[in-house]
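See below for the structure under consideration.
The values are calculated or read from the model by the stated rules, or taken from the named source; none is laboratory data. Every value quoted in this text rests on a predicted model; they were computed, and no experiment measured them. Virtual Cβ from ideal backbone geometry, glycine too; neighbours counted across all protein chains shown.
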Amino acid sequence: MTTDTPTIVLVGHGMVGQRFLEALAERGLTGTHRVVVLCEEPRPAYDRVRLTSYFSGKTPEDLSVTDLALLDAHGVELHVGDPAVSVDREARKVTARSGLVVGYDVLVLATGSYPFVPPVPGKDAEGCFVYRTIEDLLAIEEYARTRASTGAVVGGGLLGLEAAGALQGLGLTSHIVEFAPRLMPVQVDEGGGAALLRTIEGMGLSVHTGVGTQEIVTGDDGAVTGMKLSDGSELATDLVVFSAGVRPRDQLARDCGLAVGERGGITVDERCRTVTDPHVFAIGECALAADGRVYGLVAPGYEQAETAAATIAGDEGSFTGADLSTKLKLLGVDVASFGDAHGTAEDCLDVVYSDSRAGLYKKLVVGRDGTLLGGILVGDAEAYGTLRAFTGSVPPVSPESLVLPAGAGAPAQLGPAALPDDAVVCSCHNVTKGAIRGAVTEHSCTTVPEVKKCTRAGTGCGSCVKVLGQLVTAELEASGVEVDKGLCGCFAQTREELYEIVLALRITSFRDLLDRHGREGARGGEGCEVCKPAVGSIIASLAPSIGASGYVLDGEQAALQDTNDHFLANLQRNGSYSVVPRIPGGEIAPEKLIVIGEIARDFGLYTKITGGQRIDMFGARVEQLPVIWARLVDAGFESGHAYGKSLRTVKSCVGQTWCRYGVQDSVRMAIDLELRYRGLRSPHKLKSAVSGCARECAEAQSKDFGVIATASGWNLYVGGNGGATPRHADLLAQDLSDAELVRLIDRFLMFYIRTADRLERTSTWLERLPGGLDHVRDVVVHDSLGICGELESLMSAHVAHYRDEWAETINDPEKLARFVSFVNAPDTPDPVVGFVPERDQLKPDLPLLDIGLRRPSEDGRRDDRRDGLHGGLHGDLQDDLRDDLRDDLLEGSTRR
Amino acid sequence: MTLAPETLAPRTTDLKVQLRLADGWFTACDLDVLSPGRGVAALLPDGGQVALFRGRDGKLYAIDNRDPFTGAAVLSRGLTGTHRGRPFVASPLLKQRFDLATGACLDDEAVRVTTYEVKTATYEVKAATHEVKAG
């Protein structure tokens, strides 16, 4: 394509490249320029920072940071798997590997870096890897699974620890070999390194510091068997990952004569323009910035991307250096460093708090005048967001009180309210406190997700989200914005508050609650369709503990239930219901399958296998429900609660019993969990699954609580979701025994039931909750609120009082009387509920809305067909229809 | 309200719910099958269906049982509530709310369901002498 439109060519599509494209779009440059991207990797930009999260369940797709639709909308031409191979600066043309030649007006190099592999003998042997791309990860995973039981990582820096964590996650015995005398030598000092070392060794990883790798030893087949270390020892290992730092990828620049630094990196000025050629820019890890440094962090890369885009647009903008603050969770340990972490400034002082037993190390670097210059936090980086934002200023309280743990001395709770407006809260996107306040005051954002969307704060590494939440709340309060958090027009309280009221005052009646605690104008009224089921659910969740009946159709509770709960079945579009018996873990004996088949056949029900490994029978009229349940209960089935905001199913894969890969009995665990939590009413439905190995055939990570077997127990994931907004579950705890697993799930579910909003799935709850996953982990794993005992006893009360609602209903004549289509004609079926054949079953015959109600006299087939199902179940017309269906099917098959 | 002395306190089981159709009062059901906050459906002589409700204050309401948005006869199975002092039922299918007294849809002013006049009466006794007005 040739055109007069000026062309921008971007070489490299990593996180910084993507950010550059977004910056172009924001500045309208995509409208005035043709933009061509050459990307070496087979996939568009993804989140390299979270590469390791692939092993805790993220898929390559989850890691993507590219909105392809957006690129498309802006006409960006993205060529993946087609790297640039040469640049002709004279002719201003780039040639890609495929032979594609693109002319440019502006060339932007964002080629990133490559892993540095020390030049030791055997470094290219089979079993040696680097840790940089998703492809590297896939290769390590494959090799670890088939050929390795021990792995060693060369390099104990940030990426090295990530890689070691990944190896351990793959079930390998893992070693870390670091040349420096401590782990993470760049970020932390000796004390921090020591705290880190103890914690990491406590996790079962072997750390070898102060030793270098001299040679990779291979076996006869050429594959790695071990490594020789500089202290003369030899370490046996089947796999080696080199993670000893990165180097700028500047070969393309060198080849076309652009100036590069002595130790690599394309030399650029403060506008990120190469010093050699004004038509060429370099950004990210391949660039040697004006301050003489190559930045390996994503935040400075983003800033360079913005600078380059601004320069191209003719705007102001410069990059003169960046903050190297980082907060990471490595192997579950919080590690953060910010500002002048090593205290290089003249005359500065250290404030250190160290607790070896708890693996805590906190150091603040303070200037003579009290200015906070930097710091290191290991083991607890809670205060990172606030501290980093205060860096460069004198904090309003003494530095000592900022590092002391709560309870020791006089702890200072320094809220973000004390921050100045120009303090940077989100360093990934360089968002100041002032901008966040503006989002609330000027852009009317009232929630953290809205502010995130408006300012991009918190959408990078996420370490500032907690501070963000505090700021938003403080700002809303300060600006006097009344945010009515009430459940509905009847209650000014949130669901969580109503839960606490019901539990504390043991209120078992909705009317009572409404008349005593409802909004002024709503007291004495009927409530509404929002609060009635919500309160009904709270009462049902707490029933055994507050002395309410656990049976949802009892007394006033019946009137609170949504129609599905009221009829213990799922209302379908024509007014008929579907019936789902519980099939725990998806395991079902042939006899029971036959019973379901017989019932479906006898009542003329449409059957479909559900996503939750059970069978749904559709098309039952309300008066048929008790008869169907009676047959099911008789055969040993019970309600599957498919109609309730309650536990649905616990899916399972076949597990160790049959599967050659399985490492635990996933079916048994799924059945145990399903039977334990069946009937538990909750703010929304609950789904679960248990996988017998890391292949995850049960898709546990898309569930509210998912369990994946490991060689030594179970990993528990929470907050997953499928549906319209899929979310992979987060790992809550690892390698749990059966009892530990059940106890944690008990606590987790009860904490969710207690604090979630109405109709808030665990995934959105986890996102909304201040502190998110970390907070939930603190509460349910570490019992930070001291409520775990109560949560457990609430759950055991539920388990002890569970009764099958179907059995209870069919044995209660008074309740049964409600299961009629017409109160004045209990034997007459609802004539609106009709069916027509489809494939070899039935489907609803929907009334045409503009014609209105069709009467039985107008369409005899519809009501006659299913006539007398209470009695014979085999009306002639029913048989006729079935014959028709069979004929249709046979005809169909001969045609095929 | 005039009551014969011997039936001064009619038991609720004796009370019937009646609605006015084109050709007179139609007895739909016993009052005590209507529990507050929950409806029932009744079949009309012409094959139509009516949804009957009873508020916690004892007031009775009758509207067409057919949900105009889906065509299914399900309004009797919806949840009732109060919205700005008006009693309503929310369709159990797509949750549109209907004013029980006027039939107006609160979520779509172009839509309205039929309402019926409704009262209680003691059974098998002439309404003229033993009528108990609802509410």
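Values as computed for the structure displayed
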| read-out | value |
| --- | --- |
| Residues located in the stretch A:41-67, provided they are touching a strand residue (DSSP E or B) at 6+ places or on another chain (Cβ under 8 Å) and not β-branched (Val, Ile, Thr) | A:Glu41, A:Pro42, A:Arg43, A:Pro44, A:Ala45, A:Tyr46, A:Asp47, A:Ser56, A:Gly57, A:Pro60, A:Leu63, A:Ser64 |
| Within the stretch A:567-606, considering residues that are within 14 Å of chain B (Cβ to nearest Cβ) and assigned to a strand (DSSP E or B), the one surrounded by the fewest Cβ atoms within 10 Å (Cβ to Cβ) | A:Asn570 |
| Where a residue in the stretch A:252-281 is more than 15 Å from A:Lys93 (Cα to Cα) and its partner, wherever it lies, is among the basic types (Lys, Arg) and part of a strand (DSSP E or B), with Cβ under 7 Å and at least six apart | A:Gly264/A:Arg247 |
| Tally, over the stretch A:234-251, of residues that are among the hydrophobic types (A, V, I, L, M, F, W, C), outside any strand (DSSP E or B) and either free of Cβ contacts under 8 Å to residues at least 60 places away in the same chain or touching a helix residue (DSSP H, G or I) at 6+ places or on another chain (Cβ under 6 Å) (or both) | 0 |
| From A:Leu675, A:Leu744, A:Leu731, A:Leu716, residue being surrounded by fewer than 24 Cβ atoms within 10 Å (Cβ to Cβ), out of contact with any His (no Cβ under 9 Å at 6 or more places or on another chain) and part of a strand (DSSP E or B) | A:Leu731 |
| A:Pro533 vs. criteria within 9 Å of chain B (Cβ to nearest Cβ), touching a residue at least 60 places away in the same chain (Cβ under 8 Å), part of a helix (DSSP H, G or I) and not β-branched (Val, Ile, Thr) | yes |
| A:Asp231 being under 28 Å from A:Tyr143 (Cβ atoms), without any contact (Cβ under 8 Å) to a residue 24 or more places away in the chain, in a loop (DSSP other than H, G, I, E, B) and not hydroxyl-bearing (Ser, Thr, Tyr) | yes |
| Filtered residues of the stretch B:57-88 (kept if in contact with a Lys or Arg (Cβ under 7 Å, 6 or more places away or on another chain), in contact (Cβ under 8 Å) with a residue 40 or more places away in the chain and crowded, with 24+ Cβ neighbours inside 10 Å) | B:Leu79 |
| Selection from the stretch A:42-61 of residues that are closer than 18 Å to A:Val298 by Cα and either in contact (Cβ under 8 Å) with a residue 12 or more places away in the chain or surrounded by 20 or more Cβ atoms within 10 Å (Cβ to Cβ) (or both) | A:Pro44, A:Ala45, A:Tyr46, A:Asp47, A:Arg48, A:Val49, A:Arg50, A:Leu51, A:Thr52 |
| Among residues of the stretch B:57-89, those that are at the interface with another protein chain (Cβ under 7 Å from one of its Cβ atoms) and β-branched (Val, Ile, Thr), counted | 4 |
| All positions within the stretch A:813-843 that are away from every other protein chain (no Cβ under 11 Å), of a type in the set (A, V, I, L, M, F, W, C) and touching a Gly at 6+ places or on another chain (Cβ under 9 Å) | A:Phe835, A:Leu842 |
| Criterion violated by B:Leu34 - all others in (1) more than 7 Å from chain A (Cβ to nearest Cβ); (2) under 24 Å from A:Gln572 (Cβ atoms) satisfied | (2) |
| Some residue of the stretch A:683-694 being among the charged types (D, E, K, R), farther than 17 Å from A:Lys645 by Cβ and part of a loop (DSSP other than H, G, I, E, B) | no |
| Flag if A:Leu791 is within 15 Å of the chain's Cα centre (by Cα) and farther than 15 Å from A:Ser688 by Cα | no |
| Matching residues in the stretch B:47-56 - criterion: being facing chain A (nearest Cβ under 8 Å) and either part of a loop (DSSP other than H, G, I, E, B) or surrounded by 24 or more Cβ atoms within 10 Å (Cβ to Cβ) (or both) | B:Gly47, B:Gly48, B:Leu52, B:Gly55, B:Arg56 |
| Among residues of the stretch A:765-803, those that are under 26 Å from A:Tyr643 (Cα atoms) and surrounded by 20 or more Cβ atoms within 10 Å (Cβ to Cβ), counted | 6 |
| Answer residue from the stretch B:90-105, given it is assigned to a loop (DSSP other than H, G, I, E, B) and closer than 19 Å to A:Pro533 by Cα and is nearest to the other protein chains (Cβ to nearest Cβ) among those | B:Pro92 |
| Among residues of the stretch A:271-297, those that are touching a strand residue (DSSP E or B) at 6+ places or on another chain (Cβ under 6 Å) and outside any loop (DSSP other than H, G, I, E, B), counted | 9 |
| Residue that is modelled with the highest pLDDT, among those in the stretch A:381-404 that are in contact with a Phe, Trp or Tyr (Cβ under 9 Å, 6 or more places away or on another chain) and either under 16 Å from A:Gly192 (Cα atoms) or in a strand (DSSP E or B) (or both) | A:Tyr384 |
| Helices (runs of 4 or more DSSP H) lying entirely in the stretch A:420-512 (those with 3 or more residues that are within 24 Å of the chain's Cα centre (by Cα), within 29 Å of A:Val16 (Cα to Cα) and in contact (Cβ under 8 Å) with a residue 60 or more places away in the chain) | A:465-478 |
| Number of positions in the stretch A:538-562 that are part of a helix (DSSP H, G or I) and surrounded by fewer than 23 Cβ atoms within 10 Å (Cβ to Cβ) | 8 |
| Enumeration of residues in the stretch B:62-79 that are farther than 21 Å from B:Ala110 by Cα and assigned to a strand (DSSP E or B) | B:Leu79 |
| Flag for A:Thr508 being among the β-branched types (Val, Ile, Thr) and modelled with pLDDT under 90 | no |
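Condition check ((1) at pLDDT below 90; (2) closer than 30 Å to B:Leu19 by Cα; (3) in contact with a Ser or Thr (Cβ under 7 Å, 6 or more places away or on another chain)) across all residues:
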position: A:Ile787; (1), (2), (3): no, no, no
position: A:Glu792; (1), (2), (3): no, no, no
position: A:Tyr802; (1), (2), (3): no, no, no
position: A:Ser821; (1), (2), (3): no, yes, yes
position: A:Gly834; (1), (2), (3): yes, yes, no
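One line per residue, one yes/no per condition, for (1) outside the structural domain of A:Gly296 (by TED's automatic domain parsing); (2) farther than 29 Å from A:Tyr295 by Cα; (3) in a loop (DSSP other than H, G, I, E, B):
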site	(1), (2), (3)
A:Leu161	yes, no, no
A:Ile176	yes, no, no
A:Gly204	yes, yes, yes
A:Ile216	yes, yes, no
